1. Can you give the relative contact order of the stretch 54-449 as a percent, counting alpha carbon pairs under 8 Å and 6+ residues apart?
2. Would you give the gap between the C-alpha center of the stretch 251-316 and the C-alpha center of the stretch 893-961, rounded to a whole Å?
3. With a 1.4 Å probe and all protein chains kept in place, how do Trp414, Trp163 rank by accessible area, largest first?
4. Can you pull the one-decimal nm distance between simple spin-label points at Tyr589 and Lys924, each 7 Å off the Cα toward Cβ?
5. So how far apart, in nm, are the two label points at Trp175 and Ala702 if each is 7 Å from Cα heading toward Cβ?
6. Keeping all protein chains in place and using 1.4 angstrom, which order do Lys910, Lys886 fall into by accessible surface area, from largest down?
7. Take the alpha carbon gyration tensor of the stretch 210-269, find the square roots of its eigenvalues, order them as a ≥ b ≥ c, and report rounded if a/c is under 1.5; if not, report prolate when a/b exceeds b/c, else oblate.
8. How much length is gained if the chain between Phe558 and Leu134 is pulled fully straight, taking 0.36 nm per residue apart and subtracting their Cα-Cα distance, in nm to one decimal?
Amino acid sequence: MPSRAALAWLAAGLTCGCLAAALAFGAVPLHNYIERRVVEAVQEQVVWSPDSPEQVQARFADNSDPSMPPLRARFHFLNITNLEAVRQGAKPELQEVGPYTFQSVKVKRQVEFVRDGDAVRYHEYRYFRPLPELSNGSLSDPITTLNVPLVGAVEVIGSLGVWKARRLLQMLAAWVERWGDPRVQGLFTTRTAGELLFGYEDQLLRQLSRFVPKLNPSFGLQPNMTSPDQADAEAPTQANTGLRQLSRVWQTELWRNVSEISSWAPPHLEHVRGSDGVQFRPGLALGDRVELWLGEIYRAITLVAQEEVDQGGVPLLRLHFDPAASEVDPRYFQYVRGLWNITSPTAGGPSGKPGQPGPPIFLSRPHYCDADPALAAGVIGLNCQPELHESHLDVEPNTGITLGASVKLMMSSWFGRKWSMIDAAVQDTYLPIMWVEIASQAGRQQLRQLAPLLLGPASHTACGLPTELANFQGYYECNDAVKLGRPKSVEEVQAMVGMFPRVKASGVGHSWFKESFCAGNDSNSLNIVMTELQPTLDMMTSPIDPKNWRGKTIPASFPIQVDELAQTVTVAAGITQRVLLDYLAEYKYWKQPSGWTLPAFTWFLDQTIGGAVSTASHGSSMKWGSLSSQLVSLRMVLANGTLAEFSPKKTPHLFNAVGASVGRLGVITDLTFRIVPQQAVQRTLKEMSFDDFVNQLQETQADYVAAKQAGDVDGMKRALFQVHETQAFWALPGASIQRVDYEHLNKEPSSVLLNIVPGAEPLVKSMNGPEDDIFTQQEKKALAANTRMPVNPRFWSNFYVSQLRPKLVSGTFESRKKVAIPMSRAATCLEEVGKEVYGPGKLWEGARTPFLLRFITAEDFYLSPAHGEPVMYINFEDYVSLSAGKPSEQFEQIASLFRQRCGARWHWGKEGWTRHAQCFDGAKEYPKWCHFGCAVQELDPTGKFASEWEGWRFNATRGGAVVPFASCCGPQGFSSECQCASRAPCK
């Protein structure tokens, strides 16, 4: 009879022993396009050597390292609830119990690099740490199932020869009948979940082993090593490190010191090969096939890269088991579709003879998904749910590093009439015993570890900043005479503001609105780059893991300060959202073990946090609104050089101005946000036609408008809840929509806010600084045009949806537009625009990539595009104009339709103001425009931060007569005695 070790059909090696770092952005396949420095950087991360960096050592050698995401094992038993009836010939009725959850730990020991470092040999110490807080039940729970070791004993006895076998079986049947142990009932047993998992000694088999020495009375489904010595006693495993041939990285060469499995059906020899799931060859692409070595089933399984997924902004390939592996295959004694038969190698071991007797052991997907329907029909209580029971590995394609896995397998056995001597009436049945999910997912800390290697220092990756005043693509350039300030401290920011009559803050160049981006057009103008303050620059170029602060005091100068009691974070304005979110996610060593996050954040994460707030940048939330609405306070250097703090409680009027100020009121230095604990989020994707989506949105719009007119607050919330945390991708050439919705525990209609009203505290300080770090600009080459982009719109749209979208990085060649459309007109707008898009003019031909639709609740910030009413944002990107060297008229016509037909407000950081918002009249577009004008009067009366844009015009009347604008301003903003007047007609 096989040992406990031989029954280790699902040890942690089934999937990935540890999941770790990867690129923050995808690119095209490694073997074709990545330059040599990137190849070398990738090689450093995926080739394990004695000199590998610490995180590489941890990824391969020790998944218990705190920097590694935990590998969880969740065991579910199928408990027989009608045992007496089963013993009389009825179908087993099964009840799923559990899961019983553990952390699966794998530590490599006695590591020896061989063949001059081209291979590594090791022993693996594998054990499980219980996680009762994540379990549903106790290991003392009773489970009734097939007595697998008894069945194995019957099989062993049956192989001993007719006469001896008959005598021993009669003896065994008699013992079973009179044994007197209530846990033993014929071919079945009732044991605790802990006993079945990790082992027990069967006293009946102990008695029988006196007559059959081959029998092992100890049994357990899942070996759990209790000391490293057990690992050292096992035969070693050997894997290729990829040092000489990167495509061979982490390919198993020896398993338990054998290179082939001989216990399958002759003449088949299964050669040991494939990865253990931690690392695959770099340069994977959709459709590629790789092999996974599953030692516990003694064979390699083919995985197919079938789809692209996104994890924390990182594009990954999702690998699924090749369906062909489930087909009937006599080489593996596999005679039932969907049922892997591992009886022979389990009984005989990797070098044993084929057909060794032992308990029937089979593997399948849980609940017999995708298996012969007769299997599920043979029992009662199974319910295959494809999405719940499928397995996959998520792999970063350029490096081949596994960043997520969920592998789910069910163990079954068999009983039937051939054993009627023990249980006379039972029917032939494949009986599910338990299924397990082995799962892990990299957090943001792991996702970001390789990003600096491929993208370079965070503040130096663009074609423009920090040495040239242009956006990150190298376009929308300022006049060469404009100076560029790179302060090292807030004091230097204050000094620079005082030195120049025209000033504007800059981040990493996520702007397509040159007139607002540039401080001016001559040498008296200065753009201050906020990514260059020394603490910010240090964090951006070499991000710090919060675990480094354990047992230490975090320096006051550090640019991210978390207050867990207040549930806030204060962050320097030049830090990007990505760096902030990564840091918060790993801030879990004190009061919140799951880490923290911003309640809602933007789609494009590489914008500085100061720039994102200045333009009311957003995700899609009817509760949290834009980033501006998550502010508790912010500090800003004013035109007079002082440093002032603004909050909604102490300075409500000014807070509503500075919270979305487009850089018009000063230079933001730091901001304090609300934060919330991280929680699991489930994403659902639905593909539909454009017309179907418009119909859905029509229902939302109608419900919202009707409730608003009736004054029904709850009805308005219910209506807006239909698009709460929803985003949609509109592929114009195919008239299709991909709708994405997010679900989590706290999502319910009552969480929707119809208008976000801020609330917190302020302070005013004054400082001075030196006169340093002001530079003339250095010319950089902008991104080159793509001459193929102006033609074949259907091709580019389909290519983007199916191939490119997950791989776009900052620097992709395009100009970006965005509009905000009131929810009371959102569906009507789409319907009207759609008629033109798909009408005789074929405006859809101007689109190359899908339009992105998101939804935000109303905000009080004077210049928020969502001021006064919830809105639908539409982000749309022009990939034709810059490549063709002339405007894309079809694309521009779509933009005009949004503006003219839908009453859309233009986003403050996007391209198109000079064409689609000429002669902009803030008094007409923004109800509180003159309130913002009063903030300008108070904080920047000389127009230091006015930039090149001519739209900052504020006019007032009182009683029909024109009056000086300042006379209408007071501590609360614009006086109710005055009227906000339109600007003079444009020439």
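1. Values: 906 pairs, mean separation 67.7, N = 396.
17 percent.
2. 59 Å
3. Output order, biggest surface exposure first: Trp163, Trp414.
4. 5.8 nm
5. 7.5 nm
6. Values: Lys910 20, Lys886 135 Å².
If we order Lys910, Lys886 from most to least accessible, we get Lys886, Lys910.
7. On the way: a/c = 3.40, a/b = 1.59, b/c = 2.15.
Oblate, because a/c is 1.5 or more while a/b does not exceed b/c.
8. Working: separation 424, 0.36 × 424 = 152.64 nm, distance 3.51 nm.
Difference between extended and current length: 149.1 nm.
The values are calculated or read from the model by the stated rules, or taken from the named source; none is laboratory data. Worth saying up front: this structure is predicted, and the values here are computed from it rather than measured. Quick reminder, even Gly has a Cβ in these numbers, built from the backbone with ideal geometry, and neighbours come from all protein chains shown. To get the accessible areas, we keep the full protein, side chains included, count just its heavy atoms, and leave off ligands, DNA and RNA. Shrake-Rupley method; radii C 1.70, N 1.55, O 1.52, S 1.80 Å.
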